Structure formats: C-alpha cells, structure tokens
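Below is one structure, written out as structure tokens, with a few remarks after it.
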Amino acid sequence: FYQLDMEMSYATQEDVFNVIEPVIYNTFKEFSDKAISNTPFTRIAYKEAMVKYGTDKPDLRNPLYIIDLSDFFNKCTFKPFINRTVRAIKVKGHMSKGFHEKMLKYATSIGMGGLGYLEVQEDLSYKGPIDKFIPDDLKKELLDLAGLEKEDTIFFIADNEKRATELAGQIRTELGKRLDLIKKDVFEFCWIVDFPMFELDEHDKLQFSHNPFSMPQGGLDALTNEKPLDILAYQYDLVCNGYEMASGAVRNHNPEIMVKAFEIAGYKEEDVKNRFGALYNAFQYGTPPHAGAAPGVDRMVMLIEDSQNIREVIAFPKNKRARDLLMRAPSVVSEQQLKDVHIEVRQ
C-alpha cells in the first residue's frame, strides 16, 4: 500500500492538522466534483464520538445521532433496560409495520435480542412496546431528554457499555441507509482526537488503547498522578465518510515518560529495553519533540473513485488468502535461493 507519511520536529498536534488539511482538501478538490467540508475540519473527542455515533470512524453524512438514556431507564420498570447501558436514536416520522419488522430482523442478525421503539403521537403521548414500562411522571422527562416532537420515532439499544456502543452505531448506520438519509456527493471530514491512553482488556488488565509510543496529555505528571483510564493521549485519526483515512500522534520522545507509560501497562524497564531497544536507546541522546501522521493514498483514491472496496483501486491486490497472484507470492523457496541471501532453515 502507499501512504503519504510525514514527521515534523518541534511540532504540535495543531501543526500537523494545519499541514495536512490543505493537502487533503486540495487533492479531493482537484480530482472530484463532490462538495468537501471546509477547513479547519471538525474535531470530535473520542469519547463523544463513541457515544454520539457509536464508532471512532463516524460517517457525518448521516444526520442521525445517538443519545445515552441509561440513567433515565434506571428509574423505569422495564427490567431489560435497568442497570444496562441504554442508547437511543431519534428519527422523524412513524415507520410502517414492515419497516419495524425489517429493522428487528437486522437487529437480531447483529446479535441483539430485540429493538425497542416508541412513536410520539399528536398529543405527545407514546405508542409502542415499552410505553407501559415508563411511569407517567417520567414521560415528559423523556420528551425533553431526547428532544422528541410529535410524529417522531425513537429506537432503543441496551447492553453492556461496549456492546451497546457498537450496536447503536450499527443501528444508526442501518437506519440512515434504509431511510435514505445519508447525503450523496459530499466528503465529510473530521478529526477524532483525545484518544484514551489506556483501556481495560477482557480480563480487566490495563493495556494501551491506541499507540503506545504516543505522548500522554500532561506528560509524566499525568502518568504519575492521574488514574490511568482518565489519561488522554495526543493521538488523532482523520476520518472521511466513515473511513479512517489517516492516523497519527504527537510522538513520545522522552525515555522517562516512555518507561512510566509501559510500567502502567505492566512492563518493566528491562522489558522496554529488550523489546523496544531502538527507540529506548535513541531517546537517550536527546530526541527532539516530534509529531506526524500518514494518510493512506489508496484509501484516498478509493473515496475519490466512489469505490466500496479498496482492492478495486490497487493495481495488484492480494486475494483473501493474502497471496499476490501476479507474483505468485508467497511460494516455496528453493535451497539455492536461501543460500543466495544467507538464510538457513532449521527444523
């Protein structure tokens, strides 16, 4: 694959954005007739993106957004929603019975047990499967929380936080497609910023959430005094129409900060020396602060060509088995070929 890889010394996150945005904007303007979001591109914090769009690669052509109603439903009597993360999506209009059946079928196909909904009537009362579980004195509160108006329909997704976030994002996308809400002929760019430095794995063990070699916001002080899950990093992704187009970061250049960050993730300094010796040793000589990013050229071409598959814009793409059919690689290597490059295979 091809990428436009750039690193800048003595640069901030903002410096990187200021350099990349004109390159991206002018490239898309030169080779496409579609409208392009103006610079500076929208910046969205990772945490906000995950709640509002259900993904860190949001398609901003879709006007639908997600709201969190977990606290509200803890006050209701609908047991499947109590002590769960509950996300909701509001759409204009009432849907047909067939539409609800198709959405339910889609919801079950992605692992949901169902897809609750309510329709707002002319008198601002509700009609739907879970109306009876919402106490009368809370129904007005739901209208206000969700910004509901007459003729609106609101869909509900409930699960643990991680699954509810993921499922709500998929339902948002599917609703956008089925209701034909996704804008055509436009490139909507945004930066996703403020990624968390750490996260918990499936065993509740701390691990790096994005790039372990990024600079934590707040530096050594944050690593020393803040809760690990509260620490943000200078990491960012450039997203276009639901696709990640570039990823980058302000790089960590300080060995003390590097060792402390890896210590929080469960590594000893000796582990860092052994596994990442090139960086660790280079940092001892006074590496300058630096930052960068790398837009994928293939992905840019794919978007400009309005293709749904990156393989369609690559001259000799690998197949699903990661084989290059033109070069017949990988393939069996002869003993002489191994000798030519001084490689010995031992059983």
For this session: Evaluate the charge dipole of the chain about its Cα centre and quote only its size in Debye, nearest 20, assuming +1 on the Cβ of each Lys and Arg and -1 on the Cβ of each Asp and Glu.
Result: 1140
Exercise. For the Cα atoms of the chain, what angle does the longest principal axis make with the long axis of helix 255-264, in degrees from 0 to 90, nearest 10?
Worked result: 50
Exercise. Lysine pairs, Cα distance under 14 Å, 8 or more residues apart or cross-chain: how many in the range 205-347?
Worked result: 4
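When ligands, DNA and RNA are left out and all protein chains stay put, how many square angstrom of accessible area per residue does the chain have with a 1.4 Å probe?
On the way: 19900 Å² over 347 residues.
Ligands and nucleic acids excluded, the result is 57 Å² per residue.
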Exercise. With N residues in the range 1-86, what two-decimal value do you get for its Cα radius of gyration over 2.2 N^0.38 Å?
Worked result: 1.63
Seminar exercise, completed: proj_area_mean for the chain (convex hull on C-alpha atoms), units nm², value 24.2
Problem set entry | Percentage relative contact order, the range 1-142, counting C-alpha pairs under 8 Å, at least six apart | 13
Exercise. Which angle between 0 and 90 degrees, to the nearest 10, do you get for helix 97-109 versus the longest principal axis of the chain when only C-alpha atoms count?
Worked result: 30
Exercise. Beyond 21 Å, what percent of the Cα pairs of the range 166-280 remain?
Worked result: 50
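Report the equivalent ellipsoid semi-axes for the range 143-200 in whole Å, largest first, defined as the square roots of five times the eigenvalues of the gyration tensor built from alpha carbon atoms.
On the way: eigenvalues 119, 83, 33 Å².
Its equivalent ellipsoid spans semi-axes of 24, 20, 13 Å.
Can you give me the Rg/Rh ratio for the range 75-189, using Cα atoms for both radii and the Kirkwood formula for Rh?
Values: Rg = 14.5 Å, Rh = 15.0 Å.
My calculation puts Rg/Rh at 0.97.
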Exercise. With the contact rule set at Cα under 8 Å and sequence spacing of 6 or more, what percent relative contact order holds for the chain?
Worked result: 22
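Roughly how compact is the range 225-271, stated as its Cα Rg over 2.2 N^0.38 Å to two decimals? All intermediate terms of the calculation are to be shown ahead of the outcome.
Values: Rg = 14.1 Å, N = 47, 2.2 N^0.38 = 9.5 Å.
Normalised Rg, Cα atoms only: 1.49.
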Exercise. Which of Lys97/Lys132; Lys29/Lys162; Lys47/Lys92 have a Cα-Cα distance over 30 Å?
Worked result: Lys29/Lys162
Exercise. Taking the Cα atoms of the range 104-251 alone, what are Rg (to one decimal) and Dmax (as a whole number) in Å?
Worked result: 20.2, 57
Seminar exercise, completed: Leu232 neighbourhood, Cβ < 11 Å, K/R = +1, D/E = -1, net charge -2
For this session: Provide Rg and Dmax in Å for the range 60-104, with only Cα atoms included in the calculation.
Result: 13.3, 36
For this session: Only Cα pairs under 8 Å and at least 6 apart count here; give the relative contact order of the range 241-347 as a rounded whole percent.
Result: 24
For this session: Post the alpha-carbon centroid distance, the range 240-274 to the range 165-237, in whole angstrom.
Result: 15
Problem set entry | Over the range 250-347, equivalent-ellipsoid semi-axes from the Cα gyration tensor in Å | 36, 28, 13
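The values are calculated or read from the model by the stated rules, or taken from the named source; none is laboratory data. Keep in mind it's a predicted model, so treat the numbers as computed, not measured. No Cβ is skipped: glycine too gets one built from the backbone with ideal geometry, and neighbour counts run over all protein chains shown. Protein only, heavy atoms only, side chains kept; ligands, DNA and RNA dropped before computing areas. Shrake-Rupley method; radii C 1.70, N 1.55, O 1.52, S 1.80 Å.
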